[in-house]
Amino acid sequence: MCGIAGIVKFDGSGIDTVAAIQKMNNAIKHRGPDGEGYFAINGDAEIPAFGEDTPRSIIESGILHKPTTAINKSGSADIILAHRRLSIIDIQPTGYQPMCNIDKSLWIVHNGEIYNYVELHEELSKAGHKFHTSSDTEVILAAYKQWGIDCVNHFNGMWAFVIYDKKKKELFVSRDRFGVKPFYYIHHNSCFAFASEQKALLAGSIIDFKLNGSAIFDYWIFSSMEKEEEGMFSGILELFPAHNLTLNIKTGELKKWKYYTLPYTKEYDKSSFNEKQSIEHIRSLVTDSVKLRLRSDVEVGSCLSGGVDSSAIVSTIYNTNHTALNTFTAAFDERSVDESSWAKMVSDHVHSKAHVVKPTSGELLNDFRSLIYCQDIPIWSTSTYAQYRVMQLIKESNIKVVLDGQGGDELFAGYESYYFYYLQDILRTKGLQAFLRASKEIQRLVPSLKQYFKQLVLKEYLFRLPAQQQLNARLSMHKELKYLNKDFLNQHVSRLNNKPEVAGSLNEALSNDFNNGWLKNYLRCEDRCSMWHSVESRTPFSDDINLIEYAFSIPSKYKIQQGKLKPLLREAMKGIVPQQVLDRKDKKGYSTPGTRWIAEIRDDIRYIFENPLLDDFMNRKKILKDYDKLFNNPGKPDNNRIFKMIAFPLWLTIFSEKQ
């Protein structure tokens, strides 16, 4: 797990690539504090270079790709690849990057892990490939040489990498199937540049700080982030999950394509489906997925919330090797959101070394700027702070790698919103009477279901209204939106004409969330929180291709049964996870006492509304007039909307200050 960056300067550009790349690499130092490296090309000259944080053991080593000069003494460069290293696999000097193959025709910078690299190494060795390291990164190079751009179809894991192909005079770029690892880039007449985080591209001063009003509008109105390639920073693009691109370094021509689409069954039921065999297979696949993600040359721990997903991972680890591991949990002094008793039950069951952090509003205030800056974009919930503190606790415990349960809900249907699509399936395939019976059954388990469905139906019908009427309805429904600048809203109101596609089945809804949907947002938060603290987070439910494809081949009928969410995973984990945890009905979803925290810190954050740049988006005068009315509601449920009212102005303040 690392950070990557790079620049390709096109003819006639006056960019000082050496100065820019050092600023970019320093901006993501947190992603790789164990070292840095560079590979510069100037005409025919190829220069592996070191920086201030490159260990002497690398510089003095005999490795094939050792750096030979300091980057600030390398002269000008047309192309530079940069890397920040967090040593996990092949922690010896041989794992240093940028890395080359034996004939030095290929160079790579790589962020992530190819978990099946051991098997691929063996397969490629039999095909005649020679290796000079034991890293998964070199396996990528050999796979590329063997299969070309189709190499990514052989990988099980998470990745964002860039390969410089000397013979083709081309960069080949790839991002993993579901967006576990990030990749951002800019492409204009002067250059192509990329980095693991947007802040690095801004730090390099090769693009001006400019906001994208369309993305900000979507943040407020739809609570969506990075739904389109151009996010909140104008000119900075995201390479979407399951996409590759190539760049001709002579002409600047960029080609981009989607290399993978997750298949899913549209069937509600299948006569040949054997539920018992399916449960056994899921157990086997989960076990295999977890085993692969335990591959590491450093100690591995696990996050543990007390929910089914993280409990399944922790218990599977114990069931596999019967050794105690370090587990990490967030606890709260507000009973309605605290899950620590469930986490303790699992921890006791597996005899783990349990570590618990109890975040407070005062600590949130102290960490607020770092929390927002590390995320690159304004977040929507204080739950991200709980995750941030868990990752900090992991770092303080000297653990570099943890497993986490992200993706289990989207894979096995764990959210109450999925009831809507499940009942839609029943109505479509079984008729009205079956639909009514299932509705009553679910409502007994979820008393608030009726109101929840009312909101879903209302949301769907809103999109049928003309854009201005729809905006007026949203302003009426969500009172905090009345504090936004009316000119800003009217300028972008046409975006409400973009009618979203409504999923026609449960599996389609799950697929939508898994592919550039909510899961990508959660994975982005996971990546930024973990990497800010120099921790590698591995998510078996989010990137194990064998487990994921099998889960999506299962008909919808079996994914919610008798009103119970995630029945297949619960059944598969019987005898492994404590039964009380599997029987839980009080899913909290990493909740925090958010509204109380906001009320307690409101006086200390009033200053963020002094920034005049906010006037383009928010009515500061009205906000300050109603300040206590807005931010002093400690007893109200946390709907995340009020938190956005302080996250956005702080984000704007932080990034405008750094320009």
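Bear in mind these aren't lab numbers, they're just calculated from the coordinates by the rules spelled out. None of these values were measured; they are calculated from a predicted model. Methodologically, a virtual Cβ is constructed for each residue, glycine included, from the backbone with ideal geometry; neighbour enumeration extends over all protein chains shown.
Points worth noting:
- Here the stretch 594-657 is assigned +1 on the Cβ of each Lys and Arg and -1 on the Cβ of each Asp and Glu. Its dipole about the Cα centre then comes out at about 320 debye.
- Centroid-to-centroid separation of the stretch 467-541 and the stretch 388-428 [C-alpha atoms, Å]: 17
- If the convex hull is drawn through the Cα atoms of the chain, its volume per residue in Å³: 157
- Among Asp586, Asp616, a tally of other beta-carbon atoms within 10 Å of each Cβ gives an order, fewest to most, of Asp586, Asp616.
- Length gained when the stretch Ser494-Asn546 is fully extended (0.36 nm per residue, less Cα-Cα span): 14.6 nm
- Label-to-label distance, Asp615 versus Lys169, with points set 7 angstrom from Cα along the beta-carbon direction: 5.2 nm.
- A dipole drawn for the chain from +1 and -1 charges on Cβ atoms has a positive end, and of Pro447, Gly6, Thr261 the residue lying farthest that way is Pro447.
- The trypsin sites (Lys or Arg not before Pro) of the stretch 615-659 that DSSP puts in a loop, and whose beta carbon has at most 12 other beta carbons within 10 Å, are Lys658.
- Total charge dipole magnitude, the chain, about the Cα centre, Cβ charges on Lys, Arg, Asp, Glu only, Debye to nearest 20: 1760
- Over all Cα atoms in the stretch 289-407, the spread is summed up by Rg and Dmax: 14.6, 41 Å.
- Among the listed pairs Lys9/Lys66; Lys499/Lys658; Lys344/Lys564; Lys145/Lys227; Lys29/Lys104; Lys210/Lys479, a Cα-Cα separation exceeding 30 Å is found for Lys499/Lys658; Lys145/Lys227.
- Segment Asn212-Ser105, extension gain: residue separation times 0.36 nm, minus the distance between their alpha carbons: 34.6 nm
- Cα principal axis extents for the stretch 269-342, largest first, Å: 49, 38, 16
- Extension gain, Ala473 to Ser224, is 87.8 nm, computed as 0.36 nm per intervening residue step minus the present C-alpha separation.
- Share of alpha-carbon pairs per 5 Å distance bin for the stretch 159-254, given as whole %: 3, 13, 21, 22, 22, 12, 5, 2, 1, 0
- Percent antiparallel among DSSP beta bridges (both partners in the chain, rounded to 5): 80
- Note on the stretch 48-124: the alpha carbon radius of gyration divided by the globular reference 2.2 N^0.38 Å gives 1.18.
- The eigenvalues of the Cα gyration tensor, multiplied by 5 and square-rooted, give the stretch 594-657 an equivalent ellipsoid with semi-axes of 20, 12, 10 Å from largest to smallest.
- FRET efficiency for Phe463 and Thr261, using Cβ-Cβ distance with R0 set to 30 Å, rounded to 0.05: 0.75
- Overall, the stretch 96-226 carries a charge dipole of about 440 debye about its Cα centre when +1 sits on the Cβ of Lys and Arg and -1 on the Cβ of Asp and Glu, all other atoms neutral.
- Förster-model FRET efficiency, 51 Å R0, Asp11 and Ser271, C-beta, rounded to 0.05: 0.20
- For the stretch 208-313, GluC sites (Glu not before Pro) meeting the loop criterion (DSSP other than H, G, I, E, B) and having at most 11 other Cβ atoms within 10 Å: Glu253.
- Tail fraction, Cα-Cα pairs, the stretch 492-583, threshold 18 Å, whole percent: 63
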